[in-house]
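Chemist: Please see the structure below; I have some questions.
The values are calculated or read from the model by the stated rules, or taken from the named source; none is laboratory data. Just so it is clear, the model here is predicted, and its values are computed rather than measured. Glycine also receives a Cβ, built like all others from the backbone with ideal geometry; neighbour counts cover every protein chain displayed. Protein only, heavy atoms only, side chains kept; ligands, DNA and RNA dropped before computing areas. Shrake-Rupley method; radii C 1.70, N 1.55, O 1.52, S 1.80 Å.
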Amino acid sequence: CIQLLGGAFDNDKPKTWLSPGFSVSTSTSDILLDAGIENILDFVDDDVPFRLIKDNGDGKNGEDFPPSVLCLPYSMETNDFSLVLTRHLSPKDYASALESHIEQLAKESRESEEPIVVCLGLHTFVSGTPAAVNELGKMLTRLENVSNIVWATAQEVSGCVKAQEPPQKIVYPPTESIWIDGDFPLNSLLRDRSKVALLLIDFQNDFLQIGGFGEKLGNDVTSLRRVIAPTKSVLSHARSVGVRVIHTREGHRPNLMDLTPLKGEHCNGIGKEGLHGRLMVRSEWGNDIVPELMPATDGSECVIDKPGKSAFFQTDLEFILRNTNIDTLIVCGVTTEICVHSTVRDATDRGFKCIVLDDCTASYFDEFHSVGLNMISSQDGIFGVVA
């Protein structure tokens, strides 16, 4: 649903979501985060925004968890569902009840000198009713005369909250080395970051989104989407410490002249029309990298377009790595057993050290992912190390 909404607004997907209500589950916050949602309007009696923290079962109350969804108060009094449908209020009475509640909150805030936050979330059966829209417009105009009411979007409220929060507690490897599997030091990794590159392999709509090539082949794309959040965290840190970032995309020219007959036969559907355009074709929606992991807009991050599984096959990746003195690759991507494996094998043969991140790689098949990583790290790291 979020993906379709984004398409309707030039891929400017929403950052705020109305609480899922009765459909909420323990995985709701993860699903929202993966989809790029930062805030939800929640049915709470509180006046203060708060982070949705998961209980990880160890008594720590999620204190070491990555950034979570921000809940913005959306009290029952401002819920048009309860006021309009349950209490059967007319548009005028609904607007009056809402106005009365907001004025009461403004009075409490003046007396306590503490800020109070309340969100107005409108269902379509109100915002789509001309009489209701008219009454709401008049009500909002009247409230503009209340001295201590400040109007803001949910994203602006979120920004204020973030500005007051302490820095997120994130533990990174020591700067002199990184320790893998408990006792394996790769001492050069963070000692000289100029020789390290983060390689993000094929995080494309065609493989991770509904309506893409992966789903067309009958795969469950949610098995790949779980790596978006941890990869986004790694990408953010790499950028903050100046590690070079390289993205890859597998796809073909519009005329398919770079598609071998063998691949065309085994990957039926390449070049065909999909839900959002031609599948596995450059410049199409499916070829784009998912919004959460898009390359930097300033052009500082290389994007390698490849016609095959390996990022080295028929590309200038090796030339770029040699030209920038890179000798170590931190590898994230999909799928583990195909494009990640092919790239890591080729990188090792060319003398590049590879560190493959377990929680930032995935397969449509869990057993392929597990076996693929075991093959990389076997025999003291024949193709690299897994972290």
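Chemist: What are the ³J(HN,Hα) values, in whole Hz, obtained from phi via the Karplus relation 6.51 cos²θ - 1.76 cosθ + 1.60 with θ = phi - 60°, for each residue of the stretch 136-144 in sequence order, with x given for Gly and Pro?
Modeler: Per-residue couplings from phi come out as 5, x, 5, 5, 5, 5, 5, 5, 5 Hz.
Chemist: Between CYS160 and LEU140, take the C-beta separation as r, use R0 = 22 Å, and let me know the FRET efficiency to the nearest 0.05.
Modeler: That pair, CYS160 with LEU140, gives E of 0.55.
Chemist: Another question, then. Would you grab the residues whose amide H sits under 5 Å from the one on LEU72? Only those 5+ places off in sequence or on another chain, please, with H modelled 1.01 Å from N.
Modeler: Answer set, sorted by chain and number: ILE40, LEU41, ASP42.
Chemist: Sticking with this one: Just the number please: accessible area per residue for the stretch 209-339, 1.4 Å probe, all protein chains included, in Å². Please report the intermediate quantities before stating the final value.
Modeler: Details: 6170 Å² over 131 residues.
Value for the stretch 209-339: 47 Å² per residue.
Chemist: Could you state the per residue volume, in Å³, of the convex hull enclosing the Cα atoms of the stretch 248-387?
Modeler: Cα-based convex hull of the stretch 248-387, divided per residue, equals 134 Å³.
Chemist: For a protection proxy built on the mean count of beta-carbon atoms within 10 angstrom, sort 199-208, 267-276 highest first, please.
Modeler: Highest to lowest by the protection proxy: 199-208, 267-276.
Chemist: Let me check I have the definition right: for the stretch 294-377, take the eigenvalues of the Cα gyration tensor, multiply each by 5, take square roots. What are those semi-axes in whole Å, largest first?
Modeler: Working: eigenvalues 97, 45, 29 Å².
Equivalent ellipsoid semi-axes, largest first: 22, 15, 12 Å.
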